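Data block below; observations after.
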Amino acid sequence: MNLEEVVELIRGALGDLAKEITVRKGYVEVVVNPGDVVTAATKLKELGFDHVKSVTAVDYPKESRIRVTYHVSSYLRDDLARVIVGLSVDLSRENPVMDSLVGVWRSSEFQEREVYEFFGVVFKGHPDLRPLLLIPELAEKRVLRKDFIVREESIYEGVPHRYQ
Amino acid sequence: MGSRLGGTGVEEPVDRVYVGNINVTARRARELLLGKLKLGDVIDWATTFSLWPVHLLTSCCGAEFAATWSPRFDAEQYGALPWVAPRQTNLIIIEGTVTRKMACALRITYEQMPHPKFVIAMGACALDGGLFYNSYNIVRPWEVVPVDIYIPGCPPPPEAVARAIIELRRKIREKKLASRWLVEGWRHDREPVKPVDDVCKWWRP
Amino acid sequence: MKESHTGTSSGVLEGRRVEGMVVRRIERELYEVFIGPQHPGSGHMRIIVRLDGDIIVEADPDIGYVHRTMEKLSEVREWLKPIPLLERMTIIDACNVTLPYVNALEKLMDKKPPPRASYLRVLLCEINRVASHLYGFGIFGVFLGHSTMYMWAFGDREVFVELAEILTGARLTHTYHIPGGVRRDMPQDFPQMARRAVRYMRRRLEEYRKIFLENPVIVKRLEGVGVISRNLAADLGIVGPNVRASGIRYDVRLVEPYEVYDELEFEVPVFEEGDALARTWVRVEEIKQSLNIIEQAVDWLERHKGEVIPKEDYERLPKLHKEVYEKTGRVKLLPAHATMKVPAGKAVARGEMGRGEIIYYVESDGGTTPYRVRVVTPSARNAIVFKYVVPGHRLMDLPAIYGSIDYFPPEADR
């Protein structure tokens, strides 16, 4: 099954739930509304996408949103294993709350905890939502958001302009 | 015809000496060490041949730490062997970065070890942060425990770790660190390190 | 929510607060044991287990002791600098861990490495995979109290570390690939050394089988321990040799061949049992396949000459750098390489490390630094095994399970 057929399969299964579907090199990104995420995830799982590879969030302070992406794929169906599907949700930056997908994909449990401590995204219905990697003091600072700034010294300050 | 050697309980013929006879060698060593040397020197001598690092791996330099005791480099020939429990060891080798979570474990392990005890900091991260100098989650190990030897490199090769152990042995014997620590009750050549802030304050059971 | 911030030990804190202290009720018969981060094996994590007698009722992995904030630091460093940064996650497998990052950059920049560079990458990756599996065996030996295995595996690992050193100049941290190519060509006498190492390792694997894998004591400790069924493996999303020991034929080299893996001949070993012994056997079989790939790659590299960086990059080099490259095969980078800009976009790339699949999500806004780098490593995905597979076993089975999934904490914590 090639990429186009998988896209058609997903489009057919999700129907109106998918706000936009973009195909990039090697992976398909599907954007849904925060309210529909559990329904969409359940439909993807019924198609055969049985595990989560990565739960990612990206902070866009200018647009005041945080995009949470679940990269899912399949172990049990060989034809779907070639494709990575990104199921994305846009959340507001001030109050990022979404439904947890642990009930659908158990493999997302630890990674949702990571997104919670790094971005402050609260997953409703997560069985055990507490920081995973960081100490509580740091977890409250939401370190992977763009307004937490890490200083970096530059070695290019004295470099002549023609090299830059 | 025979005589009992003190404590060993082994019948030992006096008139015959075999090459490699452990009891005779032990007696001669005892006469040399206790008869001719001072007790303090014996303590220093013994400490240098029993520097056992504790099994506390703080970061990725642990790969080279493990390779140091592999057959190719064989650091066991210097009397050092990684051992499981802090109560029976007297050396910590800090392998690389110490994160804020690990700083607590490092300090607790250090305080559990009996005197005299020593610390080797391994890798650029343990010197001053290394590649992660601007990370928000790391501490400098010298803020947590007193460090005796620093090894540069990212990661330092196993030879460098073996060299550090030899340097530490030289330092102990030249400065009489172990014996004076035991006699005086504290370490005479440096101030004790107290962590700037409570490294374990994040942890509430 | 506030309440659960303060606790790291258990799931739900049922307790009342008494002047800054949390008093928790534990059922009378249960012991709570904290294993790590200083523990007899090796590894920088804590597992909090609750015991009924010596049966584990509940296990809670408390990881993050080696979290060095690589994702954040990648965002403030120029595009090339995350390569040495990210390989510190797994310095024993440094080639495989950064290759998908470079692949993601190549996807964004529309670059393709010349075939010789691809073969060199595959060669180093397989050398690293063998070294990584041997490291895993050594640590497994420490866990099980089998010192001979530790000594043998670490001694034989040095052979492959040495090979990598001859190829790249560094024992562990190679920083070998750059977008569009590799940093160094192969030395002339490398193929002979590689073939000798392969022959030596094939002979040694036979001895490993005798002393470790078919040792009755080891078999008793591993057989039927930590069984992960096919469906459970897919549900937990675990990766690498662990998932292949459970009967799932998933290997990124097979599913989505990157570099030149589609031109090489190799098999993906799959076992059905799903227990600790099967996971160990998968690694042995994988070492054999990696040795085959090393031979094929070396043969190809001997027969074909070529460049290791793309033509347009070569033409941009100044005369002095060109001379160095012609003479020694080393590529000296320009400052322009360090301040390069990557077109805006998103890319996902995956690769197969020794421990399993690694996946990168790289986002660029067209600047000189990445906008976001997300990396999910095999150990990070395997950590869930502790929570869902360990309960029900005896305490002394924990080292066997821990060792058999080949968990490497710096990699999981990033």
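Which residues, taken from the range C:370-390, are over 21 Å from A:V68 (Cα atoms) and of a type in the set (S, T, N, Q)?
C:S379, C:N382
Looking only at the range B:71-102, filter to residues that are touching a helix residue (DSSP H, G or I) at 6+ places or on another chain (Cβ under 8 Å) and in a helix (DSSP H, G or I); which one of those is surrounded by the fewest Cβ atoms within 10 Å (Cβ to Cβ)?
B:R87
Against the condition touching a Cys at 6+ places or on another chain (Cβ under 7 Å), part of a helix (DSSP H, G or I) and of a type in the set (A, V, I, L, M), how does B:L131 come out, does it pass? Step through it out loud before you land on a result.
Details: touching a Cys at 6+ places or on another chain (Cβ under 7 Å): yes; part of a helix (DSSP H, G or I): yes; of a type in the set (A, V, I, L, M): yes.
In short, yes.
State which residue is nearest to B:T48 (Cα to Cα) when the search covers only the range B:157-175 and only residues that are more than 14 Å from every other protein chain (Cβ to nearest Cβ) and either of a type in the set (A, V, I, L, M) or crowded, with 17+ Cβ neighbours inside 10 Å (or both). Even if it seems obvious, please write down each step before you answer.
Step one: filter the range B:157-175 for residues more than 14 Å from every other protein chain (Cβ to nearest Cβ), giving B:162-175.
When the remaining residues are screened for being either of a type in the set (A, V, I, L, M) or crowded, with 17+ Cβ neighbours inside 10 Å (or both), the result is B:162, B:164-166, B:168-169, B:172.
On the way: B:A162: 13, B:A164: 12, B:I165: 9, B:I166: 9, B:L168: 8, B:R169: 5, B:I172: 7 Å.
Taking the candidates together, the pick is B:R169.
Given the criterion away from every other protein chain (no Cβ under 14 Å), of a type in the set (F, W, Y) and surrounded by fewer than 18 Cβ atoms within 10 Å (Cβ to Cβ), identify the matching residue among B:W186, B:W181. Break it down into steps so the answer makes sense when it comes.
Values: B:W181 fails: surrounded by fewer than 18 Cβ atoms within 10 Å (Cβ to Cβ).
That would be B:W186, the only listed residue that is away from every other protein chain (no Cβ under 14 Å), of a type in the set (F, W, Y) and surrounded by fewer than 18 Cβ atoms within 10 Å (Cβ to Cβ).
Please specify each residue of the range C:38-74 satisfying the condition of being assigned to a strand (DSSP E or B), more than 13 Å from every other protein chain (Cβ to nearest Cβ) and among the charged types (D, E, K, R).
Result: C:R50, C:D52.
With the structure loaded, tell me whether A:G103 is at pLDDT 85 or above, surrounded by fewer than 18 Cβ atoms within 10 Å (Cβ to Cβ) and more than 8 Å from every other protein chain (Cβ to nearest Cβ) or whether it fails that test. Let's see the steps before the verdict.
Working: at pLDDT 85 or above: yes; surrounded by fewer than 18 Cβ atoms within 10 Å (Cβ to Cβ): yes; more than 8 Å from every other protein chain (Cβ to nearest Cβ): yes.
Spelling it out, A:G103 is indeed at pLDDT 85 or above, surrounded by fewer than 18 Cβ atoms within 10 Å (Cβ to Cβ) and more than 8 Å from every other protein chain (Cβ to nearest Cβ).
For the range B:134-156, which positions are outside any loop (DSSP other than H, G, I, E, B), over 17 Å from the mean Cα position of the chain (by Cα) and more than 7 Å from every other protein chain (Cβ to nearest Cβ)?
Going residue by residue through the range B:134-156, those that are outside any loop (DSSP other than H, G, I, E, B) are B:138-139, B:141-143, B:149-151.
From what is left, the residues that are over 17 Å from the mean Cα position of the chain (by Cα) are B:138-139, B:143.
Those that are outside any loop (DSSP other than H, G, I, E, B), over 17 Å from the mean Cα position of the chain (by Cα) and more than 7 Å from every other protein chain (Cβ to nearest Cβ): B:V139, B:E143.
Where in the range C:333-414 are the strands (runs of 3 or more DSSP E), entirely inside, with at least 1 residues that are away from every other protein chain (no Cβ under 12 Å) and in contact (Cβ under 8 Å) with a residue 40 or more places away in the chain? Let's see the steps before the verdict.
Working: elements: C:345-352, C:357-364, C:372-376.
Where strands (runs of 3 or more DSSP E) fall fully within the range C:333-414 and carry at least 1 residues being away from every other protein chain (no Cβ under 12 Å) and in contact (Cβ under 8 Å) with a residue 40 or more places away in the chain, they are C:345-352.
Filter the strands (runs of 3 or more DSSP E) completely within the range A:1-73 down to those with at least 3 residues that are at pLDDT below 85.
Values: elements: A:18-24, A:27-32, A:51-60, A:65-73.
It comes to A:18-24.
Hey, can you tell me all the residues within the range B:103-128 that are assigned to a helix (DSSP H, G or I) and not aliphatic (A, V, I, L, M)? Reasoning before the result, please.
Of all residues in the range B:103-128, those assigned to a helix (DSSP H, G or I) come to B:103-112, B:124-128.
B:C104, B:R107, B:T109, B:Y110, B:E111, B:Q112, B:C125, B:D128, listed by residue number.
Just to be sure I understand, how many residues within the range C:366-378 are touching a Gly at 6+ places or on another chain (Cβ under 9 Å) and at pLDDT below 90? Walk me through how you get there before you give the answer.
Residues of the range C:366-378 touching a Gly at 6+ places or on another chain (Cβ under 9 Å): C:366, C:377-378.
With at pLDDT below 90 added as a condition, the list becomes C:366.
Count: 1.
Pick out the one residue from C:Y119, C:Y150 that is touching a helix residue (DSSP H, G or I) at 6+ places or on another chain (Cβ under 9 Å), among the aromatic types (F, W, Y) and more than 14 Å from chain B (Cβ to nearest Cβ).
Details: C:Y150 fails: more than 14 Å from chain B (Cβ to nearest Cβ).
Sole residue among the options that is touching a helix residue (DSSP H, G or I) at 6+ places or on another chain (Cβ under 9 Å), among the aromatic types (F, W, Y) and more than 14 Å from chain B (Cβ to nearest Cβ): C:Y119.
Scan the range C:295-308 and tell me whether some residue there is assigned to a loop (DSSP other than H, G, I, E, B), within 12 Å of another protein chain (Cβ to nearest Cβ) and surrounded by fewer than 18 Cβ atoms within 10 Å (Cβ to Cβ). Explain how you work it out, then say what you get.
Start the filter on the range C:295-308 by keeping residues that are assigned to a loop (DSSP other than H, G, I, E, B), which leaves C:304-308.
Next cut, within 12 Å of another protein chain (Cβ to nearest Cβ) only: none.
Checking the range C:295-308: not a single residue is assigned to a loop (DSSP other than H, G, I, E, B), within 12 Å of another protein chain (Cβ to nearest Cβ) and surrounded by fewer than 18 Cβ atoms within 10 Å (Cβ to Cβ).
Could you check how many residues of the range C:262-286 are in a loop (DSSP other than H, G, I, E, B), among the aliphatic types (A, V, I, L, M) and within 18 Å of C:G356 (Cβ to Cβ)? Break it down into steps so the answer makes sense when it comes.
We begin by selecting, within the range C:262-286, every residue in a loop (DSSP other than H, G, I, E, B); these are C:262-275.
Those still in the list that are among the aliphatic types (A, V, I, L, M) too: C:264, C:268, C:270.
Remaining after also requiring within 18 Å of C:G356 (Cβ to Cβ): C:268, C:270.
Final tally of qualifying residues: 2.
Pick from A:G26, A:G35: which is surrounded by fewer than 16 Cβ atoms within 10 Å (Cβ to Cβ) and over 15 Å from the mean Cα position of the chain (by Cα)? Walk me through it before giving the result.
On the way: A:G26 fails: surrounded by fewer than 16 Cβ atoms within 10 Å (Cβ to Cβ).
After applying the criteria, what remains is A:G35.
The values are calculated or read from the model by the stated rules, or taken from the named source; none is laboratory data. What you see is a predicted model; the values in this text were computed from it and never measured. Don't worry about glycine lacking a Cβ; one is built from the backbone with ideal geometry, like all the others, and counts go over all protein chains shown.
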